[in-house]
Every structure is written in C-alpha cells, then in structure tokens.
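Asker: Before I ask anything, here is the structure I am working with.
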Amino acid sequence: MHRDRDFDPQRLLSRREKESRFRRPDQTSSLGQLLPWNERALRQDLGLDVIFREMARGDAFLFEVAQVGVLSSVIDPDTIRYRQDILEDCSRNEPIVRDMYALAIEAIERERKEHFGFLSRSPGLTLYRSVGTMQMFAAMLRRLRAMADRHAEQFASDGLSRLCSMLRQELSDEYFDQIDDHLRRLQFRRGVLISARLGKANKGTNYVLRRPHGEERNWLSRLLSWNTVEGYSYQLHPRDEAGARALSGLRDQGINLVANALAQSTDHILSFFEMLRTELAFYIGCLNLRRRLAELGQPTCFPRAAPVGDRALSFSGLSDAALALTAGNRLVANELVADGRDLFVIMGANSGGKSTFLRSVGQAQLMMQAGMFVAAASFAAEVCDGLLSHFKREEDAAMESGKLDEELKRMSEIIDHATPNSIVLFNESFAATNEREGSEIAHQITTALVGRGIRVFFVTHLYEFAFRLRETAPDTIFLNAERRSDGTRTFRIVVGEPSETSYGRDLYARVFGSECAPDDASESREPVRLSV
C-alpha cells in the first residue's frame, strides 16, 4: 500500500483530526485505525456501504479493510499511481494474488488452532507450542517463497515485484536450514543442559541454557562413549513428586529466555502474515468490485491524480457506482470539463439525477485518492485534503432542535475541519427556511468557502441564491438536470443557466394525472433582488 512503510491509515490523519472534539469514542475501526471524523456522514451521503459490501462479498474483514482503505485518502499522487500499478498488476494476475491471500489466511487460522487450548504461561508449554507453530510457519513460508519463485517474472508493478524479490532473498534455503536446525535443538530430545550459580541462601541464580556436551561429535564417538559418566549425576525417585516439581521449575528457569525469544519470533512471523493479508485484502476487494461493475457493463478507468494546486477536474462516462450496484444495470453517465473552476451549482428538474451526479463526484474523488479505479470512462482531478458533505436530513424525531438549527450545526463542524484544499458537497442545504433567508445563508457560506480555495458542489432549488452567484461569481459553472419538452428526464447533467423551476408539475401530473396539474406559471418565480 506504500513504498516505504506498512499500511497505517491512522498516520494519514492530521493531528487536528485525531484530537478533534467532534470525534466520537466509537469512531475507530476494528483494525485499530482512526477513521475520518465525518466517516458516518460520507457513508450515508455517498452510499459507500453499498460499495463496501460489494468489495467484501460477505467477508467482514474485507469490509473493514475496504472501509479504512477508501475513507483514509492519500494526497500524494505518486502513492496513488503506485497503488494503481499494483491493482492493474493484480487484475492481470488475479489467480496468483488470490492464492497469496488464501495462503496468508490459512497461516493465520492454523496459528489460532495451534494456540487454542494452551492457556498455561509456563516456559515449557510456551516453548512446546512455539516450536510447533514455528514449524507450521516455516512450511507456509516455503510455500510463499515457491509462489514468488514461480511467478516473479509475471509481475510488473514496483510493489508486487519488490514483494517477490524480498521473499526470494530473505527466505533462502540457508534461512530455512537454520530454522530447521534451531527447532531440532529446541526439542531437547537429549535433555536440557543448564548452568547456574549459587546466590543468597544457596538459591540458584544466573540460569543459562547450554548446548549439550558432545553434540558436535560424530555418531560413532557418541556410541562408544554412551556409558561414560561426565560429571556428577542424581537419579530422581519415580514417586518423588516434590522433587519432580522442583526439577521442572529448574528446567523452566533455564529455558525461560529461549521460550520467550521463540514466542516473539512466532509473533513476528504472524504479524507478517497478518499485514500481508491486510494489504492484499484491499486489492482483493477492488477486484471484486471491478468484476461486478464489468458484469453490469459499467466502464471503469484509472484516474489521473493531479497534484495540489493544479485545479484539474474533467471526466467522461461518470456514474454513481453505488446506484449501479443497487439497480443492477448500467446507468446514464455524465461528462464535464472544468479545469481551474471551484464552484459548481446544480439545479433543474426534480428526480433528474442531481443528487446522483453529486454522489458520483464524491465517490470518484474518494476512490481515486484510495488508489483505485473509478466508475467512469475517464477521470482527472486534483487531490484534496478532505472531502466533506452536507446533505439534507430528515426531521429530528426527538424534536431537540429545528431542521435549520441542525443544518447550521453540521455546517459549523464542516467549517472547523475544512482546509484550503478541501471539497464540500452540498445537497439541498438550507432549504428548511424561506427562499430569501436560505439563499442568503447559502450565498455567504459558499462565497466564504470558495474564497478560501475550497472547491464547492452545490445542488439546490434556491434560484435567488443561484441568481446572485451569477452576478457576483462569474467563474461559477451552472449545471442543470436535463429535461425534454415532454417532461421526460434524461438523467444527464448539462451546462446551462440557472433554472427558475424544479418542474414539480411533472411529478404532480405523474401522481394525480395531467388534468389535475397546476399551471406552469405557478412554478416559476422572479428572483428577489436584495438591496443593502
């Protein structure tokens, strides 16, 4: 996931986000990583859980990795391209990558079975368990090295090529021979040789495990000297339970250090398999999602991530991946070329695809900055420091505050976290009050955000708000949900002047019939000009 370090989304969050007073105590993933302060809002507003479920395919661990991987955006274009190369490599060699992932899971599951049942902390049992676990790990590492030997030439990306190179160099035959030799010695088939000193009150101290005498002699020398007594000996009576316990205690003190060292070694190898599983899980989830989108006929591409300050934004064939997965078919796509622009106002017909368009932009930005593909034919955008969303919510059932109060409270949180290179997505915000007041609030907030270098997408029916932006912010790009003359929605978003109506008459006619529909004049209204 990174060139120079392990996958750790917590390091991607700023100190301000980690210490934010708005962070909830439960806002930590099961991987032990902090999630963005607004992860719940992003998941709800952009329909991300649908995408996560498709990436996971029923696997809880894959779901968690997908959540952390997508929401913990990176802002380095080089890291994004690095991940894209690996993902493209995984697509070309999917069976191999899935075999590696399955092997990592198998190693972890077998270690859990080895560990199950050994509740004792005695050095003897710890050593016994660790020897068995290390033998299993050695066999799994041999299989992993064999996979690297067979398939190293098939990988072209830096990440997977370096993984195979590391496995082939560090897991050499000499390395495995040393492991086998040490594990054979640690079984102590010829007994345990321990040295010690007498301490205070003649108690033993400075216990040291020693290599057995004569271990380096050949088999003939050992055979001829089998009855030779070297030093003093003591024979324990078979019924001497107290003596057996004392002798066992002496043995445990002698092997304590080596038992701890071997247990730490097994933990180290286990952490390697866990990290391998975690990092491969992200790419496995991406493969699952891409395969499903391909089945639906939805185009995907690897986007171009522009550096901060580039102000790039252009795409074609962009659609809402979550909606495509839910609907089970390919959707109408949109295109836009808006390099250098920071403010986008989307208006037009009800149920015309405005919110869908907004979600597609947010999803694509997050997926791009996770190093993934996006649901588009082409996509290029500047990386952002944070993606923030302000979508309309249902009325507060507890009636603790009014709807406008709730919107302003969420807006305050967004302002506390927004940086000059953030993106804010508004969907029908500040519509809980009358048009004049809502337009004034929206205008002041929007112009302030854009003035700070924050890119804003605003879906609204507040025509007065749009009219004022047309007068005061000439660089604003106005988009409309396309509607044909007969009222048919194409679900395409096109560039156009602000719309004075949302065509509620069409929806009224659809429900109650065209004969009961009100006049068109009742929908339109002249803009209210404010004088200061």
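The values are calculated or read from the model by the stated rules, or taken from the named source; none is laboratory data. Not measured: the values here are computed from a predicted model. No Cβ is skipped: glycine too gets one built from the backbone with ideal geometry, and neighbour counts run over all protein chains shown.
Asker: Going through segment 192-213 one residue at a time, which ones are in a loop (DSSP other than H, G, I, E, B) and either more than 50 Å from the chain's Cα centre (by Cα) or of a type outside the set (A, V, I, L, M, F, W, C) (or both)?
Answerer: 199, 203, 211, 212, 213
Asker: A follow-up question, please. Among the helices (runs of 4 or more DSSP H) confined wholly to segment 48-120, which include 2 or more residues that are of a type in the set (Ser, Thr, Tyr)?
Answerer: The qualifying helices (runs of 4 or more DSSP H) are 77-92.
Asker: Has segment 312-323 got any residue that is among the aromatic types (Phe, Trp, Tyr), at pLDDT 95 or above, in contact with a Ser or Thr (Cβ under 7 Å, 6 or more places away or on another chain) and assigned by TED's automatic domain parsing to the domain that holds residue 492?
Answerer: Applying the first criterion (among the aromatic types (Phe, Trp, Tyr)) to segment 312-323 yields 315.
Right, trim to at pLDDT 95 or above and you get 315.
Then drop every residue that is not in contact with a Ser or Thr (Cβ under 7 Å, 6 or more places away or on another chain), which leaves 315.
Then keep just the ones that are assigned by TED's automatic domain parsing to the domain that holds residue 492; that gives 315.
There is at least one residue in segment 312-323 that is among the aromatic types (Phe, Trp, Tyr), at pLDDT 95 or above, in contact with a Ser or Thr (Cβ under 7 Å, 6 or more places away or on another chain) and assigned by TED's automatic domain parsing to the domain that holds residue 492.
Asker: Residue 389 versus (1) at pLDDT 90 or above; (2) in a loop (DSSP other than H, G, I, E, B); (3) of a type in the set (S, T, N, Q): which is the lone unmet condition?
Answerer: Result: residue 389 passes all but (2).
Asker: Continuing with the same structure: Out of all the residues in segment 457-479, which are in a loop (DSSP other than H, G, I, E, B) and either surrounded by fewer than 19 Cβ atoms within 10 Å (Cβ to Cβ) or outside the structural domain of residue 311 (by TED's automatic domain parsing) (or both)?
Answerer: Those that are in a loop (DSSP other than H, G, I, E, B) and either surrounded by fewer than 19 Cβ atoms within 10 Å (Cβ to Cβ) or outside the structural domain of residue 311 (by TED's automatic domain parsing) (or both): 473, 474, 475.
Asker: Taking segment 131-150, which residues are surrounded by fewer than 18 Cβ atoms within 10 Å (Cβ to Cβ) and under 27 Å from the mean Cα position of the chain (by Cα)?
Answerer: Within segment 131-150, just 147 meets the criteria.
Asker: Now for a different question. Filter segment 480-500 for residues that are more than 21 Å from residue 333 (Cβ to Cβ) and buried (at least 19 other Cβ atoms within 10 Å of the Cβ); which is modelled with the highest pLDDT? Spell out the reasoning first.
Answerer: Taking segment 480-500 first, the residues more than 21 Å from residue 333 (Cβ to Cβ) are 485-487, 497-500.
So of that shortlist, the ones also buried (at least 19 other Cβ atoms within 10 Å of the Cβ) come out as 498-499.
Details: 498: 79, 499: 69.
Going through the qualifying residues, I end up with 498.
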